[in-house]
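Laboratory data are not the source of any read-out in this text; all were calculated from the coordinates shown. This is a predicted model, so every value here is computed, not measured. Glycine gets a Cβ as well: all are built from the backbone with ideal geometry, and neighbour counts include every protein chain shown.
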Amino acid sequence: MKSTPRPRDQARWLTPSAAMLAAVLIGFGARNAWPKAASQPAAGPAVPVSVTPVVRTDVAQRQVVTGTLGYQGAYSVVDELPGGVLTWLPGPGQVIRRGQALYRLADQAVLLGYGPVPAWRDIGPGSTPGPDVRELDANLDALGYLAGPPGDTYTWATQAAIERWQLARGQLETGTIPLGDVVFLPGPFRVTAVNTAAGASIAPGAPILAGTSTQPSVAVDLTPGGPAPRAGDPVLVTMPDASTTVPGTVAAVGAVTSAPQGQAQPQGQGQPGTPSAVIPVTIRLSGYPGSLDQAPVQVTITEQEDKNVLAVPVTALLAQPGGRYAVRTASSPARLIPVTAGLYDAETGLVEVSGPGLAPGLSIEVAQG
């Protein structure tokens, strides 16, 4: 428990107003490049102090950058059926799932299937084995029509499943899926743009819809040369309301590229409208229930973390000659313990320290005010 603050005269404390400067110096210390002072610093004014214990904890160094909330992936739906009149289209923001209609052409539904292989041929009796057959089987199985495991070969089970699916949709039971009846995408499709309108007459190959996956993500552009995150690194995303935080994971780190003309430069670098090099980073969010799109967010990226280390508030550090630091014990008589500073955690205000005589629970003095 902290004691009542009391004054300590002529101590060279790092007061809260000097904490940011201390963090910079600590960064030098973490790299064994402490600046050398020419002489002992001048004595500071009286500073009130309180008492706190040395703790054993995890300390992290982080950077906070601006990102854009969106959704992973960018997909387009192109008509593969013979030309005709569009009789129904979804609206922007609508989510289409497996077995549901993406659009209707001449009142025929074009359905969504899940899978990485685009449809490229009719699948029916006589089809040669291939991954597209397995993909169709997997969807028929997920929809409850296939009797037996999916496979690369068109079998009687595939034919029976197709016919049951066609019967359920009120279609002629042919056992064949013509090219264009089913569009395969990696998963649920979230519509972002409709390229035409219901009632329009379209030709084969016409773009119909654009969209994304339903997996929320954040896009961040980092400046090359600084610490770069790696795939799998944890991050924390602060939503536009500035109070809601959502955990995330770095999903991908791209190669260095140029920011588009006129795009805001990352981390305050460059002049507006001037292209600059950036590293695109994609962050996958965990448990985000909202539906915001293209909204600005703040992303806290953990650059380095030291676990199970001794730490004290940065305002416990006393500046010493030669650019060194010490902490003062709260014992009577008080004594100075030289310390080496490591990572500074701006979120907690703690700094990693090591030195002879330091131990968890040791009471030390901390500058106040």
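Some values worked out for this structure:
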read-out: Percent breakdown of C-alpha pair distances by 10 Å bin, ordered from the shortest bin, for region 329-369; value: 23, 56, 20, 1
read-out: Amide H contacts of L146 (H built 1.01 Å from N, under 5 Å, at least 5 apart or other chain); value: D141
read-out: For peptides 74-81, 168-175, sequence by mean Cβ density within 10 Å, most packed first; value: 74-81, 168-175
read-out: Relative contact order of region 80-212, defined on C-alpha pairs under 8 angstrom at six or more residues apart (%); value: 35
read-out: Pairs of Cα atoms farther than 25 Å apart, region 80-212, %; value: 24
read-out: Estimated inter-spin distance, S201 and R104, nm [label 7 Å along Cα→Cβ]; value: 2.1
read-out: N195 long-range amide H proximity, modeled H, under 5 Å; value: L209, A210
read-out: In order through region 131-137: 3J(HN,Hα) via Karplus (6.51 cos²θ - 1.76 cosθ + 1.60), integer Hz, x for Gly, Pro; value: x, 5, 5, 4, 4, 5, 4
read-out: Relative contact order [Cα under 8 Å, 6+ residues apart], region 55-120, whole percent; value: 21
read-out: ³J(HN,Hα) computed for each position of region 354-365 - Karplus, 6.51 cos²θ - 1.76 cosθ + 1.60, integer Hz, glycine/proline x; value: 9, x, x, x, 7, 7, x, x, 4, 7, 10, 8
read-out: Charge context of P149, other residues only, Cβ under 13 angstrom, K/R +1, D/E -1; value: -2
read-out: Sites N308 and S363, calculated FRET efficiency, Cβ-Cβ separation with R0 25 Å, nearest 0.05; value: 0.75
read-out: Placed amide H near L102: partners under 5 Å, 5+ positions off or other chain; value: V110, L111, L112
